[in-house]
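The values are calculated or read from the model by the stated rules, or taken from the named source; none is laboratory data. Computed from a predicted model, the values in this text were never measured in an experiment. Neighbour counts are summed over all protein chains in view; Cβ atoms, including those assigned to glycine, are modelled from backbone coordinates with ideal geometry.
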Amino acid sequence: MSGAREPVIAARDLTRRFGTFTAVDAISFDVAPGEILGFLGANGAGKTTAIRMLTGLLAPTSGTARVAGFDVYTQTEAIKRSIGYMSQRFSLYEDLTARENIRFYGGIYGLTNAAIREETAELAEKLDLGRALDQPIRSLPLGWRQKLAFSVAVLHRPAIVFLDEPTGGVDPVTRRQFWDLMYEEAASGVTVFVTTHYMDEAEYCDRVSIMVDGRIDALGTPGELKARFSADSIDEVFVRLARGRGVAAEASKRAGAPA
Amino acid sequence: MAASVVATELHKAYGSTVALGRVSFAVEPGELFGFVGPDGAGKTTLFRILVSLVVPDGGEARVDGLDPVRQYRELRRRLGYMPGRFSLYQDLSVEENLRFFATIFGTTIEAGYDLIREIYAQIEPFRDRRAGALSGGMKQKLALSCALVHRPKVLFLDEPTTGVDAVSRREFWDMLSRLRAEGITIVVSTPYMDEATRCDRVALIQEGSLLGVDTPAAIAASFDRPLLVVRTPRRLDALRVLRSYEHARSAWSFGEDLHYADTRDRVEPAEIARLLAGAGIPDAVVRPATAGIEDVFMDRMHGTAAPGAAA
């Protein structure tokens, strides 16, 4: 999978504790350039904490990780410049238009005015925005917003884009169009790190990791995981690993000091 | 028996945006009735009208025989509502939240306990924890307990499983099946097509309009074109080939597989296998398939895409 190329994410025993509660428990993995990694896990399994460390927002307790070649302890600003990020909850400014959002994020990431104009025209055509380009984001259907948010998150050609439940609540056609956009970016070399609760989408990833109670319990191509667990689908693999862990996870949080 | 929930030509617009366009349906007593559709389809507006929080611009509704506009006081005693956004008091403990809701409905936790026992038992070990400190799945169980503590006759759950992992989603639907067995009418909305199969009947909703109301089996069976499942490691290439075929109605990814629908009345799997082989994809496995709700939804919404959206 990674071939001779340097991994764009390399984590070794990456750990984060809150008091005595271990949210992320010594996870180790590599992600290759242009790979789509599906980062799955039950609610409370530690996905968000892991992503916050990898995006330079939260210092690890122990272990190491390099993201786009930068250290998660000492080079967090360089990491932030090298990545894109979008989530279901926050992506674009709702009272700005699509054009204004593109301009805003382009400016933040240091694109020239000429480059921003060019990107705006390109995106308008690619996403078939038409007059929606000059309407406030809040008036656009969610699926559209998410496609635009993704395009904006990769505007500055980051090495990696982190997508936190980008397709939650999105209609089934637009969900698939969203994945087409992801494939396109991955093909151009951008690494895609994505979380989802839609198990059919897990099958679209190059590799899938499944977090349970802070650890990565499974990591491999969808085919490998299904073979290893003698399962017909990733959904089945997931259910087998994650079933019954909710109460246990809550209980371990309780044992820990308040976060 | 009179219907438990009736909507007649319900209509609601916000400015020039039609949130709900003359929607009519009826839910039978004791039915588990699902609204399946994406975010922004109008599900939340519909639920808010039915639970008396929003007044419709037109049409009317009856919930347990009462008009949500004029008889809202009496109605609120008889319904339970779990909004899409977590709306409990974050700085009250689990038990305090439940006691609070019991008190404002003039009852006690103990009086309603047999109904919520199975759900509440799972969060009871954490009864002293602040609600805001619970994880997603636990918050959702607490919210359901609070919506049930006064033993409502009709329960409205607005996207209770959005953002919830696949295992917790299953557990949640298991709970709904048990509540249904208690005779409570349940109206639930979801963006997950797979959850539709767990309802007695389903309304497909898109852009404020119903695309159809029927049992999950009947909706799935209404797919009227031949459907094939295609499995190949070269999924994206195959998708392109299938979509450009002259007889293609649609081709979409479905997890590891592709679903191909043909415009003709019949299509042999061998024909599609040959088509793919001719395009340099010799290893595809093609077989006939039965459509699911997601196939039907995508097929029906195709003609009703958002204004300006790629057709």
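Among (1) in a strand (DSSP E or B); (2) touching a residue at least 24 places away in the same chain (Cβ under 8 Å); (3) within 14 Å of another protein chain (Cβ to nearest Cβ); (4) not aromatic (Phe, Trp, Tyr), which single condition is B:Ala251 missing?
All conditions pass for B:Ala251, except number (2).
Just checking, which of B:Ala26, B:Ala13 is under 16 Å from B:Glu207 (Cα atoms), surrounded by fewer than 20 Cβ atoms within 10 Å (Cβ to Cβ) and either more than 20 Å from the chain's Cα centre (by Cα) or among the hydrophobic types (A, V, I, L, M, F, W, C) (or both)?
On the way: B:Ala26 fails: under 16 Å from B:Glu207 (Cα atoms).
Selected residue: B:Ala13, the only one of B:Ala26, B:Ala13 that is under 16 Å from B:Glu207 (Cα atoms), surrounded by fewer than 20 Cβ atoms within 10 Å (Cβ to Cβ) and either more than 20 Å from the chain's Cα centre (by Cα) or among the hydrophobic types (A, V, I, L, M, F, W, C) (or both).
Could you check B:Gly80 against (1) part of a helix (DSSP H, G or I); (2) under 21 Å from B:Val5 (Cβ atoms) and say which number it fails?
B:Gly80 satisfies every listed condition except (1).
Taking the condition of being in a helix (DSSP H, G or I), buried (at least 18 other Cβ atoms within 10 Å of the Cβ) and not β-branched (Val, Ile, Thr), how many residues in region B:121-135 meet it? Explain how you work it out, then say what you get.
Looking only at region B:121-135, we keep the residues that are in a helix (DSSP H, G or I), and these are B:121-126, B:131-133.
Cutting the leftovers down to buried (at least 18 other Cβ atoms within 10 Å of the Cβ) gives us B:122-123, B:126, B:131, B:133.
Then keep just the ones that are not β-branched (Val, Ile, Thr); that gives B:122, B:126, B:131, B:133.
Total meeting the criteria: 4.
A:Ile137 fails exactly one of the following numbered conditions: (1) of a type outside the set (Lys, Arg); (2) touching a Phe, Trp or Tyr at 6+ places or on another chain (Cβ under 7 Å); (3) surrounded by fewer than 18 Cβ atoms within 10 Å (Cβ to Cβ). What is the number of that condition?
All conditions pass for A:Ile137, except number (3).
What residue, among those in region B:134-168 that are small (Gly, Ala, Ser) and either within 7 Å of another protein chain (Cβ to nearest Cβ) or in contact with a helix residue (DSSP H, G or I) (Cβ under 7 Å, 6 or more places away or on another chain) (or both), is nearest to B:Phe105 (Cα to Cα)? Give the steps one after another, and end with the answer.
Step one: filter region B:134-168 for residues small (Gly, Ala, Ser), giving B:135-137, B:143, B:145, B:147, B:163, B:166, B:168.
Pick out the ones that are also either within 7 Å of another protein chain (Cβ to nearest Cβ) or in contact with a helix residue (DSSP H, G or I) (Cβ under 7 Å, 6 or more places away or on another chain) (or both) and you get B:135-137, B:145, B:163, B:166, B:168.
Details: B:Ser135: 27, B:Gly136: 26, B:Gly137: 25, B:Ser145: 13, B:Gly163: 29, B:Ala166: 33, B:Ser168: 29 Å.
Top of the filtered list is B:Ser145.
Which of (1) in a helix (DSSP H, G or I); (2) away from chain A (no Cβ under 11 Å) is the odd one out, the single condition B:Glu171 does not satisfy?
(2)
When region B:29-50 is examined, which residues are found to be of a type in the set (Val, Ile, Thr) and either surrounded by fewer than 23 Cβ atoms within 10 Å (Cβ to Cβ) or in contact with a Phe, Trp or Tyr (Cβ under 9 Å, 6 or more places away or on another chain) (or both)?
Here is the first cut: in region B:29-50, the residues of a type in the set (Val, Ile, Thr) are B:36, B:44-45, B:49.
Those that are of a type in the set (Val, Ile, Thr) and either surrounded by fewer than 23 Cβ atoms within 10 Å (Cβ to Cβ) or in contact with a Phe, Trp or Tyr (Cβ under 9 Å, 6 or more places away or on another chain) (or both): B:Val36, B:Thr44, B:Thr45.
Within region A:64-72, is there a residue that is closer than 16 Å to A:Asp164 by Cβ and not in a loop (DSSP other than H, G, I, E, B)? Walk me through how you get there before you give the answer.
Looking only at region A:64-72, we keep the residues that are closer than 16 Å to A:Asp164 by Cβ, and these are A:67.
Filter once more, keeping what is not in a loop (DSSP other than H, G, I, E, B): A:67.
Checking region A:64-72: at least one residue is closer than 16 Å to A:Asp164 by Cβ and not in a loop (DSSP other than H, G, I, E, B).
Could you go through region A:109-124 and let me know if any residue there is within 14 Å of chain B (Cβ to nearest Cβ), over 19 Å from B:Ala41 (Cβ atoms), part of a strand (DSSP E or B) and at pLDDT below 95.
First, the residues of region A:109-124 that are within 14 Å of chain B (Cβ to nearest Cβ): A:123-124.
Narrowing further to those that are over 19 Å from B:Ala41 (Cβ atoms): A:123-124.
If we keep only those that are part of a strand (DSSP E or B) too, we end up with none.
The answer is no, given that none of the residues of region A:109-124 is within 14 Å of chain B (Cβ to nearest Cβ), over 19 Å from B:Ala41 (Cβ atoms), part of a strand (DSSP E or B) and at pLDDT below 95.
Does any residue in region B:20-34 that is under 16 Å from B:Leu79 (Cβ atoms) and in a strand (DSSP E or B) come within less than 6 Å, Cβ to Cβ, of a residue that is modelled with pLDDT of 95 or more and of a type outside the set (Val, Ile, Thr) six or more places away or on a different chain, and which pairs are these?
From residues that are under 16 Å from B:Leu79 (Cβ atoms) and in a strand (DSSP E or B), the pairs are B:Val27/B:Ser4; B:Val27/B:Phe33; B:Leu32/B:Cys199; B:Leu32/B:Asp200; B:Phe33/B:Arg201.
I need a count of the residues in region A:156-188 that are acidic (Asp, Glu) and at positive phi.
Our first condition is that a residue be acidic (Asp, Glu); within region A:156-188, this holds for A:164-165, A:171, A:180, A:184-185.
Okay, now just the ones that are also at positive phi, so A:165.
Of the residues in that region, 1 qualify.
With the structure loaded, tell me whether A:Thr64 is more than 15 Å from A:Asp213 (Cα to Cα), in contact with a Lys or Arg (Cβ under 7 Å, 6 or more places away or on another chain) and of a type in the set (Ser, Thr, Tyr) or whether it fails that test. Lay out the reasoning, then the answer.
Details: more than 15 Å from A:Asp213 (Cα to Cα): yes; in contact with a Lys or Arg (Cβ under 7 Å, 6 or more places away or on another chain): yes; of a type in the set (Ser, Thr, Tyr): yes.
So A:Thr64 fits the description; yes.
Might you check whether a residue that is within 14 Å of chain A (Cβ to nearest Cβ), over 30 Å from B:Ala2 (Cβ atoms) and part of a strand (DSSP E or B) occurs anywhere in region B:208-229?
Within region B:208-229 (the criterion being within 14 Å of chain A (Cβ to nearest Cβ), over 30 Å from B:Ala2 (Cβ atoms) and part of a strand (DSSP E or B)), the answer is yes, since at least one residue qualifies.
Hand me the list of helices (runs of 4 or more DSSP H) wholly inside region A:188-259 holding 2 or more residues that are within 11 Å of chain B (Cβ to nearest Cβ), touching a Phe, Trp or Tyr at 6+ places or on another chain (Cβ under 9 Å) and modelled with pLDDT under 90.
Values: elements: A:199-202, A:222-228, A:234-242, A:245-255.
Here the list reads A:245-255.
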